[in-house]
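A.B. asks: One structure is given below, represented as structure tokens, and several questions about it will come after.
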Amino acid sequence: MKLFVLNVKYSQRNYIFVIKKKIYLFCMKNNPAQKNSLKHILFGSLIGTTIEFFDFYIYANAAVLVFPQLFFPGADSTMATLESLATFSIAFLSRPLGSAFFGHYGDKIGRKFTLVAALLTMGISTVTIGFLPSYASIGVAAPLLLMLCRFGQGVGLGGEWGGAVLLAIENAPPNKRAWYGMFPQLGAPIGLLLSGGTFLLLTDSMSNEDFMDYGWRIPFIASSLLVVVGFYIRTKITETPSFENSKNAHEEVKIPFLTLVKSYKNQLIFGTFSAITTFLVFYLMTVFTLSWATSDLGIVKRNGLLIQLFSVLFFALFIPVSAVVADKIGRRKMLIIATAAIAVFGFFFSYFLSSGNIVLVTTFACIGMSLMGFTYGPLGTFLSELFPTNVRYSGASLTFNMAGILGAAFAPMIAIWLASTYNVSYVGFYLMGAAFISLISFLVISKEEHKF
């Protein structure tokens, strides 16, 4: 009798367990939030980087067109521009801090939470810039507050990029990683188009006095609307399968940064140097070219912005092209070819930028941005494949953003100094030197591809 009762109880527990399991599986199957759809994956990775780069680039435009007059008055035009571009560089110095901070939590507790936090950090910093008083109102406190906000932008973007790329490629089939990984990369040209288009619309629709008084603030404040959209979409995304598998296998490490330095220092060093050309060519084609064309070549600001916006279309076009090629021939080989082409392009800087010929300047910008698309498209996938899942967020983010310091933080200032002191051909030599360093790094970096 006692044995019978025990068997009945066991049967009841087993039956209840089976029922609970079926209910759980039914909920998992019918709750779309439990699994990332392709639409959520790709749009979620794209929308965040678009917002982040829009915020980042409206600062770049303002650093050339607005901030020298409003935050750094009293100096000659060249010095004011250099001082303004110095604040532009702050974000690159703070990006590795964002990579280390958000990468730590992205590898420890998950991609989703970290992506949302990084987006909010960037958004709050950007909106605050739109409300800052000028130097005329509060004196030296104005540029100091501007630098603080720029620091926040860098921290936010330092944490955003790596998570967005991983959201895409950790959900990708092995033969389409570059294709999935190019979606967050598309956020760069889209963000640049939105920021440049906004500034162009504002300069066309209001007087220069109104634009300098309050018009330049509109894009910074309006970015809050984009942040709300991005926040909503990001909260709908679940963790990537790679992170969940790593977590279930108890592969997490206590401090991802220390593990990187101890076990993956070659990937960190050569991954960083391999990416510096990508950063340098981009900021030479945007910030330096816009500044040089509108100041030394005599091209009016509106035409300078139009040239930039037109060339960005080529940037956007060749990102997916490069991803398709990279999935066929390999990410590494694609990047070697693109970097070699950039080195050749650097040799012709003087030919395109030694006169104010608008056709030559436009051609120069379009060729440079096409090459930028070729190198930028597969870069996120390549850097991510250098590291295993448990340190991938930190590793990919740190290499990308350390490359930003070396390749872009001071690039506009160095380029303006070289062009002003010598001539623009030396800017091309500067680019060629960086390309040579990147090519060597691609050749010596480990070919090992970690599991996803």
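The values are calculated or read from the model by the stated rules, or taken from the named source; none is laboratory data. Fair warning: this is a prediction, and the values are worked out from it, not measured in the lab. Cβ sites come from the backbone with ideal geometry, for glycine too, and all protein chains shown count toward neighbours.
A.B. asks: If the requirement is being at pLDDT 85 or above, within 27 Å of L406 (Cα to Cα), crowded, with 24+ Cβ neighbours inside 10 Å and hydroxyl-bearing (S, T, Y), which of these qualifies: T121, T114, T49?
C.D. replies: T114
A.B. asks: Checking F318 against (1) aromatic (F, W, Y); (2) closer than 28 Å to I445 by Cα; (3) surrounded by fewer than 17 Cβ atoms within 10 Å (Cβ to Cβ), which single condition isn't satisfied?
C.D. replies: Among (1) aromatic (F, W, Y); (2) closer than 28 Å to I445 by Cα; (3) surrounded by fewer than 17 Cβ atoms within 10 Å (Cβ to Cβ), F318 violates only (3).
A.B. asks: A follow-up question, please. Among L371, L439, which is the only one that is part of a helix (DSSP H, G or I), at pLDDT 95 or above and either farther than 30 Å from D296 by Cβ or touching a Leu at 6+ places or on another chain (Cβ under 9 Å) (or both)?
C.D. replies: Of L371, L439, the one residue that is part of a helix (DSSP H, G or I), at pLDDT 95 or above and either farther than 30 Å from D296 by Cβ or touching a Leu at 6+ places or on another chain (Cβ under 9 Å) (or both) is L439.
A.B. asks: Here's something else I'd like to know. Every residue in region 291-304 that is surrounded by fewer than 24 Cβ atoms within 10 Å (Cβ to Cβ) and either in contact (Cβ under 8 Å) with a residue 40 or more places away in the chain or under 17 Å from G368 (Cβ atoms) (or both), please.
C.D. replies: First pass over region 291-304, keeping only residues surrounded by fewer than 24 Cβ atoms within 10 Å (Cβ to Cβ): 292, 294-303.
The answer is W292, T294, S295, D296, L297, G298, I299, K301, R302, N303.
A.B. asks: Yes or no: F88 buried (at least 21 other Cβ atoms within 10 Å of the Cβ), more than 24 Å from L167 (Cα to Cα) and either at pLDDT 80 or above or not acidic (D, E) (or both)?
C.D. replies: yes
A.B. asks: Kindly check whether there is at least one residue in region 342-349 that is in a helix (DSSP H, G or I), within 22 Å of the chain's Cα centre (by Cα) and crowded, with 17+ Cβ neighbours inside 10 Å.
C.D. replies: Yes, region 342-349 contains at least one residue that is in a helix (DSSP H, G or I), within 22 Å of the chain's Cα centre (by Cα) and crowded, with 17+ Cβ neighbours inside 10 Å.
Let's see how each residue does on (1) at pLDDT below 90; (2) within 11 Å of the chain's Cα centre (by Cα):
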site: F151; (1), (2): no, no
site: G154; (1), (2): yes, yes
site: A172; (1), (2): yes, no
site: A178; (1), (2): no, no
site: Q185; (1), (2): no, yes
site: P189; (1), (2): no, yes
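A.B. asks: Here's a follow-up. Kindly check whether there is at least one residue in region 208-226 that is of a type in the set (K, R), more than 27 Å from G110 (Cβ to Cβ) and over 20 Å from the mean Cα position of the chain (by Cα).
C.D. replies: Yes: region 208-226 contains one or more residues that are of a type in the set (K, R), more than 27 Å from G110 (Cβ to Cβ) and over 20 Å from the mean Cα position of the chain (by Cα).
A.B. asks: Same structure again: So which pairs qualify, if the first residue must be in region 305-322 and more than 24 Å from A63 (Cα to Cα), the second must be of a type in the set (S, T, N, Q) and buried (at least 22 other Cβ atoms within 10 Å of the Cβ), the Cβ gap must be under 6 Å, and the two must be at least 6 apart or on different chains?
C.D. replies: I319/Q185
A.B. asks: Can you find a residue in region 196-203 that is assigned to a helix (DSSP H, G or I), under 21 Å from the mean Cα position of the chain (by Cα) and among the hydrophobic types (A, V, I, L, M, F, W, C)?
C.D. replies: Step one: filter region 196-203 for residues assigned to a helix (DSSP H, G or I), giving 196-203.
Adding the requirement that they be under 21 Å from the mean Cα position of the chain (by Cα) leaves 196-199.
From what's left, among the hydrophobic types (A, V, I, L, M, F, W, C): 199.
Yes, region 196-203 contains at least one residue that is assigned to a helix (DSSP H, G or I), under 21 Å from the mean Cα position of the chain (by Cα) and among the hydrophobic types (A, V, I, L, M, F, W, C).
A.B. asks: Just to be sure before I move on: is F400 closer than 19 Å to I329 by Cα and of a type in the set (A, V, I, L, M, F, W, C) in the structure I sent?
C.D. replies: no
A.B. asks: Quick check: anything in region 207-224 touching a residue at least 60 places away in the same chain (Cβ under 8 Å), buried (at least 19 other Cβ atoms within 10 Å of the Cβ), out of contact with any strand residue (DSSP E or B) (no Cβ under 6 Å at 6 or more places or on another chain) and β-branched (V, I, T)?
C.D. replies: The answer is no, given that none of the residues of region 207-224 is touching a residue at least 60 places away in the same chain (Cβ under 8 Å), buried (at least 19 other Cβ atoms within 10 Å of the Cβ), out of contact with any strand residue (DSSP E or B) (no Cβ under 6 Å at 6 or more places or on another chain) and β-branched (V, I, T).
A.B. asks: Okay, next question. Please go through region 377-422 and pick out each residue that is of a type in the set (S, T, Y) and either surrounded by 21 or more Cβ atoms within 10 Å (Cβ to Cβ) or part of a helix (DSSP H, G or I) (or both).
C.D. replies: Correct list: T381, S384, T389, Y393, S394, S397, T399, S420, T421.
A.B. asks: Could you grab me the full set of residues in region 124-150 that are crowded, with 19+ Cβ neighbours inside 10 Å and within 23 Å of I405 (Cβ to Cβ)?
C.D. replies: Residues satisfying the conditions are S125, T126, I129, P143, L146, C149, R150.
A.B. asks: Could you tell me whether region 31-46 includes any residue that is over 23 Å from Y232 (Cβ atoms) and modelled with pLDDT of 80 or more?
C.D. replies: No, that holds for no residue.
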